[in-house]
Structure formats: C-alpha cells, structure tokens
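Novice: Have a look at the structure that comes next, please.
The values are calculated or read from the model by the stated rules, or taken from the named source; none is laboratory data. What you see is a predicted model; the values in this text were computed from it and never measured. All Cβ positions, glycine included, derive from the backbone under ideal geometry; neighbour counts span all protein chains shown. Ligands, DNA and RNA are stripped out before the accessible areas are found, and what is left, the full protein with its side chains, is counted by its heavy atoms. Shrake-Rupley method; radii C 1.70, N 1.55, O 1.52, S 1.80 Å.
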Amino acid sequence: MKKFIDKLKNIWSIEELRKRILYTIILVLVYRVGCYIALPGINPSRLNDTTGPGGILGILNMFAGGAFSRASIFALGVMPYISASIFMQLAGIVIPQVAKLQKEDSGRRKINQYTRYLTVIVTAFQASAYVAYLRSPQYAGALAPDFNAGMFWLSTIIVLTAGTLFVMWIGEKITDRGIGNGTSLIIMVGIMARFPNAIYHEFSSQNANGGGGLLIFLVELAIFIAVIIGLILLTQGVRKIPLNYARRIIGSTNAAKEVSGSRDFIPLKVNSAGVMPIIFAQAMMFIPTIFTRFDTSDKTAGFIHALSDNKSLWYNLIYAIMVIAFTYFYTALIFNPTEMADNLKRNNSFIPGVKPGDPTADYIATIMDRITLPGAVFLAVAGILPGVASLFGVTSGFASFFGGTSMLIGVGVILDTLQQVESYLLMNHYDGLMKTGRISGRTIPATGRSVSA
C-alpha cells in the first residue's frame, strides 16, 4: 500500500501530468453530465421505466454510455465519428489519392477535415433514424404531446448533430491536452459507468438465492479477474522478429567513425485487429432479425430466435466463426507487410537470414498469418464468454463484462492510459508503474511501432 501511495505522489508531483489528468477529468465529467440531459420535446421523468435496446442498438447504447436509451443530447455519442474514421481508413486502401494523402502531414490534416465533414453527414442520417425510433411505443409516453412533429424532427437532428460534434471536440481536446486517446477514453467511460450497477445487481441476485450465494459471487469475481488477466495477455501479446541495423559511417572524411549495427526487434501483435472483429460480428448477427418482417412462420421465428439468443449453441458457433473470419479480414486491411519491408530497407535495417525487399515482406506476412490464428481464436472465446456466463446464471448486466466488446475496450484504453502515465514518470526520473518491466516502450523508426524494453 505504501508503494502505491508513493506512485500516486510521484504522479501528482509532475506538474504537466497533474494538469493533464485534471483537464481530462473535467472534460469527462462534462460528457457524463450531458448524457443525462434529455432532448427538447422529451419528458425525462417518463424515461425511468425504459430499458436499453438490444442488437446493434444495444451496442450503440453501450458506446454512448446509456445516453441512447435516455434520449440524451449525446445519444449518438462518438459512433458517427468512428464510422466516418473507419470509412476514411478503408478509403485509403481502395483509393490511391487518399492513400497518398495519408503519407503526408498536410494530407493527414486534410483527411481529418474530411472526416469531420463526413461525421456531420453520418450524424444527420443517424439522427433522422433516431427520431423514428423515438416515435416507437417504448418512448410514446415521453414525447411532449404539444410539440410540433416537424419541429421535433428538425430540432432533434440539429441538437444530436451538435452533440456529436461537441463530444468529438471533447475527445480531440483530451488527446491534445489531456491524457490518453480521447475518443477511446470517452467510450470506455461510458461502458464502465454501468459496471458498479452491474456488480450491485449481481450481488443482490446471488444473495436473494441464498444457500451459498455469497460464495458463488466470490467465485464469479475470481473468474472475472482471471478473464481480465487473459484479455491483458491477448492485448499485449506480441511476436518479436529480430532486427539488425547495418554499420554506418558517421563524421567527415578525415574524422570518420564507424558505428556498429544495433539490434532490435519488430513486435507483431497477436491481436492486431483489436475489438473491431467483435463489433462487426455483433452487427452481422443482428441482420437475420430483419427477415422476421417478411416471414413469420414458426420455423423461421425459432431459427431467428436462436441467432438472437447469446446463450444458444447456434449463436455462439456462428458468432465465433465470424469473429475469426473478420479478424483475418481486418488484419489484412490494416497490416501492410510490403510497406513495412520498404521502410526497413530505407532505414538500412534487415531481418537476419532474410533478403531485403519481397522476401522480407513474404516472411513478415507468413509470421503474421501464423500468429493471427491463435489471436483470432482467443478473441472468439472472449466474444462468447458473456453468453457462457449467462448460461451459468450470471445476470445479463454483469455477464456483459466477462469479455466481449466491453472489457476489450476497457482493458485496451486503460493500458494505453497507463503507458502515457508511465512515460511521464520515466521522463522525470521516477520508477515506472510496474516493479519489473515496463508497460510502454520505444518506437522503431523503420516501422513506427512501439516496442518493449
């Protein structure tokens, strides 16, 4: 405990780090307050009995920190901005002009500006769909009867668009002047805001059952901690490829000095795709429910119900296969071994025993394909763990934290934030956060990837 207090004192003693932490906390509080401010024309007192939506809307509600189900001014959160960012990222793979802009500083600024414009368009379309959702029977009692329908549609689109742009601005400010990745931090805070309530409901549920309910609750907590440890290993796991730098001559002709080649390594992440395969798979699993509008037979309804129940065998089997497939697909989109091989050659570095150029690209691609399989399998297991936990009687709120999107995002963002805190400690000649080893590391110029010490 004394060491933990000493770490906090060291963190607080660094003026810049202290200012960044306080700045981040203030902006996060502003965001959380906005999540409880209802839209014009909505009676907040009539929203108490509403429950969160399921399917893809449930994912949106989770990312928005519950603001979606509360009809808040931040109901759409940062999802339109994320959608626009993903679109521009994919455009860089398909469109050569965009790919060229991504390699230049001025081009990246233009892409950021295009992303903001696209965010406005995406938000306007999603806000229009959200107005139709608010007119569903679930929110019928919360709508103000004397509010003009056309005015409600227009005001809701304007307020939601402004709210999303404001949340996007908060995320950018946290990234620039706060600590951690602002957009990811906002999503993580929204997800983790449900955690205390989920713990309380699980504890109450087990106590109500009696007969060793407290012991079962403690066992669940132990399993939950083990899941977090596994997700940390999945997030931090890398395959280190040895890397050598060629000998260089430094200095003038008369006073030339030969510097021997240094050794380093390229860390290829076991899970390069992050949480995106799980998000894609969850969205795809929601599609079959649309066909219930066209076919209402008992056989179709039973099959659709099995695909929408995260405790059924068919759901978990298909879901796991889709996570594995999307992991390979998304890794292929974001990982370019040819570009990495060119960067290594340009920086006079090479992999021992492998020729520069195409052989290096083929070698890196082969290693990446091999380590992606276990990463994809572990990611699929993490994705189906909430359903497995529900089968064993864990309440749905607490079960959602047994892996899946919630904990993967939470673990990733927390580790990223801790990396930044540790970098400030080390720059100011303090010990790192860990007794042995480091969370963060230096960056290889040839690849732009961070490596462990």
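Novice: Only loop residues by DSSP count here, and only those with at most 10 other Cβ atoms within 10 Å; note down the chymotrypsin sites (Phe, Trp or Tyr not before Pro) in segment 146-192 that meet that.
Specialist: none
Novice: Can you tell me the accessible area per residue over segment 345-395, all protein chains present, probe 1.4 angstrom, in square angstrom?
Specialist: Each residue of segment 345-395 exposes 53 Å² on average to a 1.4 Å probe.
Novice: How about segment 59-105: which trypsin sites (Lys or Arg not before Pro) there lie in a loop by DSSP and see at most 16 other Cβ atoms within 10 Å?
Specialist: Filter output for segment 59-105: Lys103.
Novice: Hey, what D do you get for segment 1-158 in µm²/s if you plug the Kirkwood alpha-carbon radius into Stokes-Einstein at 10 °C and 1.306 mPa s?
Specialist: It diffuses with D of about 85 µm²/s by this estimate.
Novice: If you don't mind, another one. Given the pairs Lys100/Lys173; Lys110/Lys269; Lys19/Lys173, which span a C-alpha to C-alpha distance of over 20 angstrom in this model?
Specialist: In this structure, Lys100/Lys173; Lys110/Lys269 lie more than 20 Å apart at Cα.
Novice: Excluding ligands and nucleic acids, what accessible area in Å² is computed for Asp358 using a 1.4 Å probe, to the nearest 10?
Specialist: For Asp358, the solvent-accessible surface is approximately 110 Å².
Novice: So what is the orientation-averaged projected area of segment 329-402, using the convex hull of its C-alpha atoms, in nm²?
Specialist: Computing the convex hull of the Cα atoms and averaging its projections yields 6.7 nm².
Novice: Stretched out fully, how many nm does the piece from Ile223 to Gln97 gain, at 0.36 nm a residue minus the Cα gap? Could the numbers behind the result be given before it?
Specialist: On the way: separation 126, 0.36 × 126 = 45.36 nm, distance 4.90 nm.
Extra length available between Ile223 and Gln97 comes to 40.5 nm.
Novice: With every protein chain present, what is the per residue accessible area of segment 123-198 (1.4 Å probe, Å²)?
Specialist: Working: 3450 Å² over 76 residues.
Averaged over the residues of segment 123-198, the accessible area is 45 Å².
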